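The values are calculated or read from the model by the stated rules, or taken from the named source; none is laboratory data. Not measured: the values here are computed from a predicted model. Neighbour counts are summed over all protein chains in view; Cβ atoms, including those assigned to glycine, are modelled from backbone coordinates with ideal geometry. Please note that ligands, DNA and RNA were not included when accessible areas were found on the heavy atoms of the full protein model with its side chains. Shrake-Rupley method; radii C 1.70, N 1.55, O 1.52, S 1.80 Å.
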Amino acid sequence: MHNRAAFAHALLDADAPLPQGLRVRVGASAEARFAIYRNNVVSGLIDALAESFPATLRIVGEAFFRAMAQVFVRSAPPRSPVLRTFAQGFPVFLDAFPPAQEIACLADVARIEAARIDAWHAADASACTRTMSDDVIAARVTLHPSARLVLSPHPIVTIWRANAGASDVAPIEDWTAEQALVFRDANDAIQVESVSGAVAMFLQHLQDGATLGEAAQRAMAQAGEFDLTNALLLLIHSQADFHADTGAHAS
Amino acid sequence: MTHHGHLPPRAGVGFKPAHFPEIVAAAQPPAFFEVHAENYMGAGGPSHRQLERLHAIAALSVHGVGLSIGGDAPLDADHLAALARLCERHQPECFSEHLAWSTHDGAFFNDLLPLPYTRATLDRVCAHIDQTQTVLRRRMWLENPATYLLFDASEMSETDFLRAVVRRTGCGLLLDINNVVVCAANHGFEARDYLAAFPLDAVQEIHLAGHDEQRDEHGHALLVDTHDRPVCDDVWRLYAEVIATTGPLPTLIEWDNDVPAWSVLARQAERADAILLREAVDA
């Protein structure tokens, strides 16, 4: 039995000795051949991250991104063959990666990108009930399975948009907190909407099982300004499911 | 085992979402599409809807790249269950995986890594294929790998190893002719000798792809299985020879990196179809 553990270890650790028992019949050394596997593994995973986080890459530049991704790949390789789960761990890594601390918003922008991937693959809504009675205020709302809130003290939607190529990069005049709602709309497009702190609270209360009326009241009490009409339009656009208050549905 | 339809003995292509609009607008789409299983393991969303649309106009092949059939440890039960759900949901005409490992000690390396061909490896590979076929309730096809290294510990040839796997598990084989050409150059053997020793009667599908030719530090050719360009002439020649022996077989054009315009990929499939058609007429 050859040493599989040594082979696996040396794939991620460029300084590790070559595993025993390798054979090359023609041409170069086993080192050169093993380097192909090393490169496939490490570069392949870095490429996958670069593809998943284009705005994050644009903010820090290709060289810095690849160096950062390499540290992530070597220290925390994927635990599943489904690579989009690997991407979900990248923002958490950025939170704790000292060289990335210089750019305070970086991990939160990466969170938007991770949420977009997640939203693409999320479940479809079960048959929409929308049995709206007269009593809208008493309705409960289930957000679409693709909906993800990303909270941040930075203007992350503006920064993400500028670096995702959706608008020109321009100096940010007003550096204020932005919360993002990421979701898949009825046309299967992934949307990133900037929402106020009050709307973010409103959405969280709905997720916690509050009725529309309760969630609106609490958001208003906590944040002062709260635009219910806009919040309702956002719920409709993001394919939220409204249902009559049976008391049984609280998710 | 549940009865499934078959891939038609025609040309298919690896599906890339960027090509979707042109595929559904095409007057004559390819006979089948192949997708990597791991890209379709989300709970829902547009990717599943695309797959349903494709399967309405063509046959569907699900090709796994992450099961780690050659792994030391037991198969990842969660991953196998996800494969079963995918096959249950889309009812593909076939499922295939690789003679390789990609996971060790819980870490997934996202590459198809090489195995020593020993009796111990054979036992493990066969047990993993038995388990996969039982859970998926279907026969699977096993693909010959592209490799860059050999092992001192190997006790048999790759073709003998594959023949034994087929005998013990009843699985079919997926013959990747580009992988044969890559290995022949990298390990110093004749591709035709390998194909002559290959259990061709077990082959259910063929893969064709492009590779990169590099030079090592001694000036020897080193071929890397890159799937980033057209199929080379050597591979086309060997393909025609294999088809002349086996008769027409489902044939996939794999192009995963630097993905070309749909028309370029479609022309590669047409070239394979022309060879298949000629063989069907001659037979």
Query raised in the report: Going by the conditions given, is A:Ala221 assigned to a helix (DSSP H, G or I) and modelled with pLDDT under 95?
Result: yes
Requested in this report: Being open to solvent by 10 Å² or more (accessible area, probe 1.4 Å) and more than 9 Å from chain B (Cβ to nearest Cβ) is the filter; apply it to the stretch A:1-18 and report the residue that is nearest to the chain's Cα centre (by Cα).
Outcome: A:Asp13
**Report entry** Residue list for the stretch B:95-121, filter: over 26 Å from A:Arg84 (Cα atoms) and touching a helix residue (DSSP H, G or I) at 6+ places or on another chain (Cβ under 6 Å)
**Finding:** B:Leu115, B:Tyr117
Requested in this report: Take the residues in the stretch A:19-44 that are in a helix (DSSP H, G or I) and either in contact with a His (Cβ under 6 Å, 6 or more places away or on another chain) or more than 7 Å from chain B (Cβ to nearest Cβ) (or both), then tell me which one is most open to solvent (accessible area, probe 1.4 Å).
Outcome: A:Glu31
Query raised in the report: Residues of the stretch A:69-122 being more than 24 Å from B:Glu38 (Cβ to Cβ) and either touching a Cys at 6+ places or on another chain (Cβ under 8 Å) or of a type in the set (S, T, N, Q) (or both), which ones?
Result: A:Gln101
Query raised in the report: What is the residue count in the stretch B:94-115 for residues that are touching a His at 6+ places or on another chain (Cβ under 7 Å) and either open to solvent by less than 40 Å² (accessible area, probe 1.4 Å) or β-branched (Val, Ile, Thr) (or both)?
Result: 1
Query raised in the report: Is it the case that some residue within the stretch B:121-132 is within 14 Å of chain A (Cβ to nearest Cβ), open to solvent by 40 Å² or more (accessible area, probe 1.4 Å) and either acidic (Asp, Glu) or farther than 18 Å from B:Leu200 by Cβ (or both)?
Result: yes
Report summary line: Going through (1) over 14 Å from the mean Cα position of the chain (by Cα); (2) within 12 Å of chain A (Cβ to nearest Cβ) one by one, B:Ala59 fails only at (2)
Requested in this report: Determine whether A:Val60 is of a type in the set (Val, Ile, Thr) and in contact with a Gly (Cβ under 8 Å, 6 or more places away or on another chain).
Outcome: no
Query raised in the report: Of the conditions (1) more than 26 Å from B:Val65 (Cα to Cα); (2) without any contact (Cβ under 8 Å) to a residue 40 or more places away in the chain; (3) outside any loop (DSSP other than H, G, I, E, B); (4) open to solvent by 10 Å² or more (accessible area, probe 1.4 Å), A:Ala48 fails just one. Which one is it?
Result: (1)
Query raised in the report: So which residues in the stretch B:9-45 are within 18 Å of B:Arg271 (Cα to Cα) and without any contact (Cβ under 8 Å) to a residue 60 or more places away in the chain?
Result: B:Phe15, B:Ala27, B:Gln28, B:Pro29, B:Phe33
Report task. Exactly one condition in (1) outside any loop (DSSP other than H, G, I, E, B); (2) surrounded by 14 or more Cβ atoms within 10 Å (Cβ to Cβ) is not met by A:Ser80; state its number. Result -> (1)
Report summary line: Every listed condition ((1) assigned to a helix (DSSP H, G or I); (2) of a type outside the set (Asp, Glu); (3) within 12 Å of another protein chain (Cβ to nearest Cβ)) holds for A:Gln70 save (3)
**Report entry** Residue match in the stretch B:163-175 (condition: surrounded by fewer than 24 Cβ atoms within 10 Å (Cβ to Cβ), within 9 Å of chain A (Cβ to nearest Cβ) and either under 30 Å from A:Ser75 (Cα atoms) or modelled with pLDDT of 95 or more (or both))
**Finding:** no
Report task. Say whether the condition of being without any contact (Cβ under 8 Å) to a residue 12 or more places away in the chain, over 26 Å from A:Ala30 (Cβ atoms) and in a helix (DSSP H, G or I) is met by at least one residue in the stretch B:238-257. Result -> no
Report summary line: If we keep only residues of the stretch B:194-228 that are farther than 16 Å from B:Tyr239 by Cβ and away from chain A (no Cβ under 14 Å), then the residue most open to solvent (accessible area, probe 1.4 Å) is B:Asp201
Query - Yes/no for B:Ile57 being closer than 30 Å to B:Thr246 by Cα and surrounded by fewer than 20 Cβ atoms within 10 Å (Cβ to Cβ) - result: yes
